[in-house]
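Enquirer: Once you've had a glance at the structure underneath, I'll fire off some questions.
The values are calculated or read from the model by the stated rules, or taken from the named source; none is laboratory data. Since the structure is predicted, the reported quantities are computational estimates derived from the model, not experimental observations. Here Cβ is always computed from backbone atoms with ideal geometry, including for glycine, and neighbour counts include all displayed protein chains. Surface areas here come from the heavy atoms of the whole protein model, side chains and all, with no ligands, DNA or RNA. Shrake-Rupley method; radii C 1.70, N 1.55, O 1.52, S 1.80 Å.
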Amino acid sequence: MPYIPHTEADVAEMLAVIGVSSIDDLFCEVPENLRLAPGSLDIPNALDEPKLYAHLLDLASKNVDLSKVTCFLGAGIYDRYIPASVGAVISRGEFLTAYTPYQPEASQGYLQAIYEFQTMVAELYGCDIANASMYDGATSMAEAAIMSTSLNKRQKVVVSEAVHPHYRQVLDTYCWSMDIEVVTQKSSNGLTTEFTEEEAACYIVQYPNFFGSIEDLAAVRAACDKNGSAMIVVSDPVACALLKPPGHFGADIVVGEGQPMGVPMGLGGPGVGLFACKKDLIRFIPGRIVGKTKEVHGDKPGYVMTLRTREQDIRREKATSNICTNEALMALANTVYMIALGKNGMRSIAENSVRNAQYMISELDKIGIGAMTNKVFCEFVVTLPKDAEWVCGAMLDKGILAGLPLGKYYEGPPNTLLVCTTELRTKNQIDTYVSALKEVLA
Amino acid sequence: MRQTTVPEPKLIFEKSRAGRVGCNLPKCDTPAVDLSSILGETRVDLHLPEIAELDLLRHFTNLSHINYGIETGFYPLGSCTMKYNPKINETTARMTGFANLHPLQPVETIPGALEILHGVQSILCQVTGFDYITLQPLAGAHGEMTCLMLVRAYFESRGEGQKRKIVLVPDSAHGTNPASAARCGYDVKSIPTDAEGNTNLAVLTQVLEEIGDQVAALMLTNPSTLGLFEPNIEKICKMIHDAGGQVFCDGANMNAMVGTTRPGDHGFDCMHLNLHKTFSTPHGGGGPGCGAIGLQKHLEPFLPKPVIRTESGKIIADEDRPHSIGRVAGFYGQFLMEVRAYTYLMAYGKENMHRISKFAVLNANYVRARLKEVLPPAHDRPCMHECILTAEKYKKEKGVRALDISKRLIDYGFHPATNYFPLIVPECFMIEPTETENKETLDEFCDALIAICHEAETDPSLLHNAPSTKIVGRLDETLAVKQLDVRWIPGAENKEYTRLRQAIS
Ligand SMILES: Cc1ncc(COP(=O)(O)O)c(C=O)c1O
């Protein structure tokens, strides 16, 4: 086995030092009836490396990946360009194969990068501070909701129906297991306008929301103030390069999915949960936080994981969360991405996404397909004259992932479709979409 | 004396110059629009760095030089299974047919991905001995929590949800165990470990007599965090079952058992796996994790959605699950990590799988034997995949703590072992070499530790002042908490940020 380097001579010497005659002797404490004979598992035989490569390539090529179709599907995971520098950095073994930086003196590189990550996430979201990452956008939102219940000791969270349905399902699961009530707030015409629950620990909205519409966060803030509830916003970090960010509206906690910033779609995983908030909430935050400090015996600055007494390894059942391993490598990808694009690049891809969406809305309008009329960033809902699932099937035959049919998620006629244009879509691709749709609907 | 010549790294923000960009950005060919008429108020300030591509690469290459990974050197961090992460796994995970899949594209378009997920599930069912595996959980702790949710749903379905509100956790358990129990609304009761390092059966018996009908589950790590196989495992599972409870296995230590023994045969009802430990998906400096769970048939109705299973010979992603606990993650779990795990499992295959545990246990016992004179084992029994040693005598006699020895190891070019976990062993050293380390490396490491223990006797200050060869010396963690500085803020000359600086510092 190539990954196990022992020679027969090594094994003999090692056994002699240990003082046993065979490796099996070392398993003497495993009750005999529980031991397996080598090779007795009913699993496939080993593949050598060329066969392994060929087998995986074969499986990979069975999928319709985005090199084979044009993607107008978004809904939380986005087809954005990943600069080559991102892959180069996160492939470096010093980062890729490190563990959590428990030994700061041997992990300054990663710790500094995470400090830079925290700075840029906080900046994008317009918040004071951010943590070192959560699992994904959905669990980050659930953690924020649970955190809000410990801020004001209320056991009810309110979430807008215009928040990603999968995120809401994860919220339901987390809250069920902690006896927290979840109330879903109806939306109208793709926007959340009512906030009537008075005993809410928090109100959760998405910005831009699941339908692509830009919610009125000032109104959300006012409702939270009135009811004494925390304001939680789920937000696409790329949109925040262009829109006034949630933190500037006074959001208490802002969470989101970092995948659009340099992480491959990868069927949705691994992604990375972003988590930012107001500074006075820092002691309630779940997960790791990196802080700057100095040497004990010197003056050099350095970085360490800090406020550790919130965490499970120290506080056990009283910890702010059970999270331990997070998504450091994806956070590093985000960091490289935000630097590679920088201030102007982030703004430019956000703007280009808006341009593409506006062009597509107007072209669709020309063939009689109307979009919801709210302010939108790069996604919008259109109403089709036919069943959206069927239309998507027909569009796929023409090499286009046309969007997400919403019938599965919301009541009402099954003919609404959520369409997304990132900066990667071209005029030509949009024109092709529109003419294909015209044909499909004819 | 510091030997390093690496200059003190600047923050990327300090290197920023207006007008630079680090990426050849895509051009837009659709018509320009008036942003304010479309979006209303847009953002004016955005303080992100402006860096040229080469400078970006240098920044991170230099940072990588002050970071230690498995590919840098030996990484015997106990409980973390820092084995080699094969390069072929990275190649396969980057194939466009896997990397460029959208989680919401129609399932009919991802048969190869479903084959991967189903393939990993089937192999792990065999390796663990459980009836079902789900790959939804995103890390180890997430898997623990998901298992306890299954337990909770199971008891609710039997009308015992209100009654069974206690989870038993041994005092040697990892912190995520009690924290995950709390996340599922359970009260935690600690169970002590006996002098031999096993679960204290007398106490367990008594606890079950007193509150057995309130116990939802026991969370047991096997092999324990003491690196010992629980010889009474079948009996313990039976005791809990007789009291009507469920038994969860913390599978962070599965590396000791792969191909040799199966938790599903021990009597456990469910378990979590850390694919980022046992099955070699890289840990990435703190994540992504990848936390599969295994379960027996009676917990199957409650599986999180979607359930990847076969139906009339076809693999499907089943969302129609009336008794499901729901979704625990945004989409299908850590798919690209599953591609890596699948590649790894197929590289070992039927004929080699057992070698993982055999050689992991051999290496750990070798290190244990070589070090026993200087760092005695906490228990006089063969260890499994990791050995737990104690440095208590150096603390008593020389004021040298396990942490000091660890910091000195850094000077010798090694990553330290785990210290102060499990909490019940004084001045604990938890060493997990893994099966992928050769004998020479183990010898060098043991020689270094022996030399360090000698230094502890003759010149303890060498240890107290370690490390002295890295970019920084020992860092002040108390100061970090006292003067919280968790983000960079531009200088005071920047007016917009004066407020923020005041607010945060
Ligand atoms: C024994 C044990 N259990 C559980 C965990 C939790 O795993 P994770 O960090 O992936 O959440 C760990 C590792 O951190 C562990 O060592």
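Enquirer: Can you give the relative contact order of the range B:354-472 as a percent, counting alpha carbon pairs under 8 Å and 6+ residues apart? Could you put the intermediate results ahead of the total?
Expert: On the way: 188 pairs, mean separation 36.6, N = 119.
It rounds to 31 percent for the range B:354-472.
Enquirer: Okay, next question. Once label points are set 7 Å from the Cα along Cα→Cβ at both B:GLU319 and B:ILE211, what is their separation, rounded to one decimal in nm?
Expert: 4.1
Enquirer: Taking θ as phi - 60°, what are the ³J(HN,Hα) couplings along the range B:436-446 by the Karplus curve (6.51, -1.76, 1.60), each to the nearest whole Hz, with x for Gly and Pro?
Expert: For the range B:436-446, the Karplus-derived couplings read 8, 9, 8, 5, 4, 4, 4, 5, 4, 5, 5 Hz, x marking Gly and Pro.
Enquirer: Taking C-beta distances below 4.7 angstrom as the pairing criterion, name the unpartnered cysteines of chain B, in sequence order.
Expert: B:CYS23, B:CYS28, B:CYS80, B:CYS125, B:CYS184, B:CYS237, B:CYS249, B:CYS290, B:CYS428, B:CYS446, B:CYS453
Enquirer: Could you work out the relative contact order of chain A, using alpha carbon pairs under 8 angstrom and six or more residues apart, expressed as a whole percent? Mind dumping the intermediate values first?
Expert: Numbers: 783 pairs, mean separation 85.3, N = 442.
Once normalised by length, the contact order is 19 percent.
Enquirer: Convex hull over the alpha-carbon atoms of the range B:272-371: what's its volume per residue in Å³?
Expert: 163
Enquirer: Related question: Enter the Cα centre distance for the pair the range B:286-362 and the range A:139-166, rounded to the nearest angstrom.
Expert: 28
Enquirer: How much of B:GLU14 can a 1.4 Å solvent probe reach, expressed as accessible area in Å² and rounded to 10?
Expert: 90
Enquirer: Which of B:SER357, B:TYR412, B:ILE424 sits closest to the plus end of the dipole of the range B:354-472, meaning its Cα is farthest towards the positive end, when Lys and Arg get +1 and Asp and Glu get -1 on the C-beta?
Expert: Going by the charge dipole, the pick is B:ILE424.
Enquirer: A further question follows. With every protein chain in place, what's the accessible area of A:SER235 (1.4 Å probe, Å², nearest 10)?
Expert: 0
Enquirer: For labels at A:ALA37 and B:GLU41 in the simple 7 Å Cα→Cβ model, what's the distance in nm?
Expert: Those two pseudo-labels are separated by 7.5 nm.
Enquirer: To the nearest 20 Debye, how big is the dipole of chain B about its Cα centre, given +1 on the beta carbon of each Lys and Arg and -1 on that of each Asp and Glu?
Expert: The dipole of chain B has a size of about 540 debye.
Enquirer: Hey, what do the phi angles of the range B:295-303 turn into as Karplus ³J(HN,Hα) couplings, whole Hz, using 6.51/-1.76/1.60 and θ = phi - 60°, x for Gly and Pro?
Expert: In residue order, the calculated couplings are 8, 8, 3, 5, 9, 4, x, 9, 3 Hz.
Enquirer: At a 1.4 Å probe radius, which order do B:THR260, B:THR72 fall into by accessible area, largest first?
Expert: So, going from the largest accessible area down, we get B:THR72, B:THR260.
Enquirer: Over what distance in Å are the Cα centres of the range A:223-279 and the range B:147-185 separated?
Expert: One Cα centre to the other: 31 Å.
Enquirer: Oh, and also: 222 nm [θ] for chain A, helices only, -39500 (n - 2.57) per DSSP H run of 4+, per residue, to 500?
Expert: -11500 deg cm²/dmol
Enquirer: Could I ask something else about it? Against the 2.2 N^0.38 Å scaling, with N counting residues, where does the protein assembly as shown land? I'd like the Cα-based Rg ratio to two decimal places.
Expert: For the protein assembly as shown, the normalised Cα radius of gyration comes out at 0.91.
Enquirer: Hey, another quick one. Straight-line reach from A:LYS186: which aspartates and glutamates have a Cα under 13 Å away, not including same-chain ones fewer than 8 places off?
Expert: Within the straight-line cut-off, A:LYS186 pairs with A:GLU161, A:GLU194, A:GLU197, A:GLU411.
Enquirer: Same structure again: How big is the shadow of the Cα convex hull of the range B:121-165, averaged over all directions, in nm²?
Expert: 3.8
Enquirer: What is the Cα centroid distance between the range B:391-464 and the range A:53-109, reported in whole angstrom?
Expert: 36
Enquirer: Ok, one more. Normalising by the residue count of the range B:88-352, find the relative contact order in percent from Cα pairs under 8 Å and 6+ residues apart.
Expert: Normalised by residue count, the contact order of the range B:88-352 is 28 percent.
Enquirer: Going Cα to Cα from A:LYS366, which lysines come in below 23 Å? Please leave out same-chain ones fewer than 8 positions away.
Expert: Of all the lysines, those that pass the test against A:LYS366 - Cα under 23 Å, at least 8 places apart if same chain - are A:LYS375, A:LYS386, A:LYS398, A:LYS427, A:LYS438.
Enquirer: Could you tell me what percent of the DSSP beta bridges with both partners in the protein assembly as shown are antiparallel, to the nearest 5?
Expert: DSSP beta bridges in the protein assembly as shown are roughly 55 percent antiparallel.
Enquirer: How far is helix A:427-441 tilted off the main Cα axis of chain A, in degrees rounded to 10, range 0 to 90?
Expert: 70
Enquirer: Starting from the amide H of A:GLN185, placed 1.01 Å from N in the peptide plane, find each other amide H under 5 Å away whose residue is 5 or more places distant or on another chain.
Expert: Here the answer is A:VAL159, A:SER160, A:GLU161, since their amide H atoms fall under 5 Å of that of A:GLN185.
Enquirer: Just flag the GluC sites (Glu not before Pro) in the range B:440-492 sitting in loop per DSSP whose Cβ has no more than 13 other Cβ atoms within 10 Å.
Expert: Here no loop site has a sparse enough neighbourhood.
Enquirer: If you put +1 on each Lys and Arg Cβ and -1 on each Asp and Glu Cβ, how big is the dipole of the range B:354-472 around its Cα centre, in Debye rounded to 20?
Expert: Values: 15 positive and 18 negative charges, 60 e Å.
That gives a dipole near 280 debye.
Enquirer: Give the long-range amide H neighbours of A:ALA230: residues separated by 5 or more places, or on another chain, with amide H under 5 Å away, using H modelled in the peptide plane at 1.01 Å from N.
Expert: A:CYS202, A:TYR203
Enquirer: Are any of the pairs B:LYS358/B:LYS407; A:LYS294/B:LYS15; A:LYS318/B:LYS482; A:LYS244/B:LYS10; A:LYS292/B:LYS395; B:LYS83/B:LYS277 more than 19 Å apart by Cα-Cα distance, and if so, which?
Expert: From the list (B:LYS358/B:LYS407; A:LYS294/B:LYS15; A:LYS318/B:LYS482; A:LYS244/B:LYS10; A:LYS292/B:LYS395; B:LYS83/B:LYS277), the Cα-Cα distance tops 19 Å for B:LYS358/B:LYS407; A:LYS294/B:LYS15; A:LYS318/B:LYS482; A:LYS244/B:LYS10; A:LYS292/B:LYS395.
Enquirer: Would you grab the residues whose amide H sits under 5 Å from the one on B:ASN198? Only those 5+ places off in sequence or on another chain, please, with H modelled 1.01 Å from N.
Expert: Hits under the 5 Å cutoff: none.
Enquirer: Quick one: Karplus J couplings for the range B:392-408, per residue in order, coefficients 6.51, -1.76, 1.60, θ = phi - 60°, nearest Hz, x for Gly and Pro?
Expert: Values per residue, Gly and Pro as x: 4, 5, 5, 5, 5, 8, 10, x, 9, 9, 4, 4, 5, 5, 4, 5, 5 Hz.
Enquirer: In addition: Which value results for Rg/Rh of the range B:88-352 when Rg is the Cα radius of gyration and Rh the Kirkwood radius based on the inverse mean 1/r?
Expert: 0.97
Enquirer: Sticking with this structure for a sec: For the protein assembly as shown, with only Lys/Arg (+1) and Asp/Glu (-1) charged at the beta-carbon, what is the dipole magnitude about the Cα centre, in debye rounded to 20?
Expert: With only Lys, Arg, Asp and Glu charged at Cβ, the dipole is about 1760 debye.
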